1. In whole Å, what is the distance between the alpha-carbon centres of segment 75-135 and segment 31-54?
2. Specify which residue in the list Leu350, Val120, Ala105 is farthest towards the positive end of the charge dipole of the chain, using unit charges on the beta carbon of Lys, Arg (+1) and Asp, Glu (-1), about the Cα centre.
3. With charges only on Cβ, +1 for K and R and -1 for D and E, what is the dipole size of segment 99-185 about its Cα centre, in debye, rounded to 20?
4. Hey, how many Å between the Cα centroid of segment 326-361 and the Cα centroid of segment 392-430?
5. Per-residue HN-Hα couplings for segment 271-284, Karplus 6.51 cos²θ - 1.76 cosθ + 1.60 at θ = phi - 60°, whole Hz, x for Gly and Pro?
6. Towards the positive end of the charge dipole of the chain, with charges on Cβ (+1 Lys, Arg; -1 Asp, Glu), say which of Gly245, Val282, Phe20 has the farthest Cα.
7. Can you work out the base-10 log of I(q)/I(0) for the chain at q = 0.10, 0.13 1/Å, using the Debye formula on its C-alpha atoms alone?
8. I need the phi-derived Karplus couplings for segment 66-75: 6.51 cos²θ - 1.76 cosθ + 1.60, θ = phi - 60°, integer Hz, Gly and Pro marked x.
Amino acid sequence: MKIGIIGGAGYVGLVSGACFSEFGNLVICVDKDQKKISSIKRGILPIYEPGLEELIKKNVKLKRLFFTKDVQQAVKNADAVFIAVGTPPSRRGDGHADLTYVYAAAEEIASHIDSYTVIVNKSTVPIGTARKVQQIIRKKNPKADFDIASNPEFLREGSAIEDFMRPDRVVIGVEKKSAENVLRKIYNPLYIIETPMVVTNLETAELIKYAANSFLSVKISFINEISALCEKVGADVNVVAKGIGMDKRIGGKFLKAGPGYGGSCFPKDTRAIIKIAQENDVALRIVEAAVEANLNQKLRMVEKIRKALGSEKGKTIAVLGVTFKPETDDMREAPALTILPFLIEGGAKLRIHDPQGMKNAKIFIPEDEVKVKYVANPYEAALGADAIVLMTEWNEYRSLNLDEIKNLMKGNAFIDLRNVYEVDEMKKNGFKYVSVGR
Ligand code: UGA
C-alpha cells in the first residue's frame, strides 16, 4: 500500500511513518518544516524516542520510507493519507484543541487526490472533525474520489514503537466498507498477531481517544488522592495499588502514585473533553475532578519538599529528572514546571539533571548564575545539596550509588516523588526519606 503522512516530521507522524513502512508499506512523510525534513534526511531526529532512529534508517535504506516537503508527492496514487499534524490547545485558552493545522492539511490534500484515497485522521481531534475534513475536501475538489476515516493513536512517548507494533487494539472509524478494507490491509501485520480491531463510526472512534485518555487520567488522579489519604492513616499506596490492581475489573496499570500526570496528551485531552461535554450540556464531573486533583497533587509535592527541608530558603536542591516521564525529552506540562518555580521563588538553589530533557527544560527554567544550574550527572547534582528530589523515574536513577550520593550531599533529605526506593532501605542508609503515599 502507498501511504502519505501529513505532519510526517512530528511525533505521531514520524512514529506512524516508520512503523507503517516497517509493515512493508511504501510511506511518504511530508512536513512543512523544511529544517526538520532536511535533518531527518541526514539521520538527525527532532525528538528522542527509543528505537525510532534505527527504524527510520532501516526503512529509508530499504526505500520504503521517504521524507519530503511536497504534499503532492505524498498524495499522488496514495491508498491512504494520514493527517497527523499537531492539535495544540487553542490560544484562546478555552480548553479547545486548535484545528488550524488539521483543516489546512485537508485543504492541501484535496487538490492532489488523483485516485481512490482514504483520508485518515490520526491526530487527536474533537468529535465531528473527520466530517469537517470531509466537507473541506469535497468543497475544494468535488471530483475527488475519497473516503474519510478516523484512526486514533494510543502511543505512549518512550514506548511508542512497541505500542504501535503490539497495540491492545486498533480503532477504526469509517462510513464505508471500502475505507475499512484499505485500513485493514495497512494494518494486516497486526491482524496476523491477532490484534483486535474496533470498527465503528467516525464519531465513536474520535470519542474513544478522548475517553481513553480521560479514563487513564482519572485512574492516576484517583491513586494520587488515595496517596494523600495513605500518608494520613499510615497505609502504603504502592501496596494499595497492587491490592486493587490485581482485581481484573480494576487492572494494575496507570495506578502509580506520583507528582501528577503531565505530557502533551492527558492535560490537553481532559480539558478538551470537558469543553466538548459542556458545549453539549453534559457535565463530566469525574474528569473535572481528575484535573483538579492533578493540580492539587503537584502543589502537595511542593509542600512535601518544603516540609522535608523546614524551608527551601537558601537550601540547595538536587533535582533528578525534569521531563514529564522517562525516555523522552518532552517537557510539556511536566510536573517539574509547576513544582520547581515555587522552590526557586522560595529561595532555593537548584542543581538539575535529566538524561535527555535539559535542553528543553532550559527554555522553561533558564540556567541562572545563582539559582539554577544544570549538571552532567546525578552525582554532580548531589554535590553540596541539602536534598535530593527525584522527580522523573529514569532508569539511571533507580540504581544510584546511595553511599556516594550521601557523601556528596550536605544534608540528608531524599524526596522520592516516584516511589522508586524502599522506605526501610533508605532509612537504613541514613536518609531522611520522604516518598508519595507511604
Ligand atoms: C498518553 C497515553 O498513555 C497514550 O495511550 C496516548 O496515545 C497518548 O497519551 C496520546 O494521547 O498521544 P503519554 O502522554 O506519552 O501517553 O504518556 P503516559 O505514559 O500515558 O504518561 C502520562 C503521564 O502520566 C506522565 O506524566 C506519567 O508520569 C503519568 N503517570 C502515568 C502516572 O503518574 N502514573 C501512572 O501510573 C502512569
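The values are calculated or read from the model by the stated rules, or taken from the named source; none is laboratory data. Fair warning: this is a prediction, and the values are worked out from it, not measured in the lab. Every residue, glycine among them, receives a Cβ derived from its backbone with ideal geometry; neighbour counts consider all protein chains shown. Keep in mind that these areas ignore ligands, DNA and RNA; they rest on the heavy atoms of the full protein, side chains included. Shrake-Rupley method; radii C 1.70, N 1.55, O 1.52, S 1.80 Å.
1. So the separation of the two Cα centres works out to 22 Å.
2. Ranked along the dipole, the leading option is Ala105.
3. 340
4. Each part reduced to its Cα centre gives a spacing of 18 Å.
5. 5, 5, 5, 4, 5, 4, 5, 4, 5, 9, 6, 10, 9, 9
6. Sorting the options by dipole projection puts first Phe20.
7. The Debye formula, applied to the Cα set alone, gives -0.76, -1.16.
8. Each residue of segment 66-75 in turn: 10, 10, 8, 9, 8, 4, 4, 4, 7, 8 Hz.
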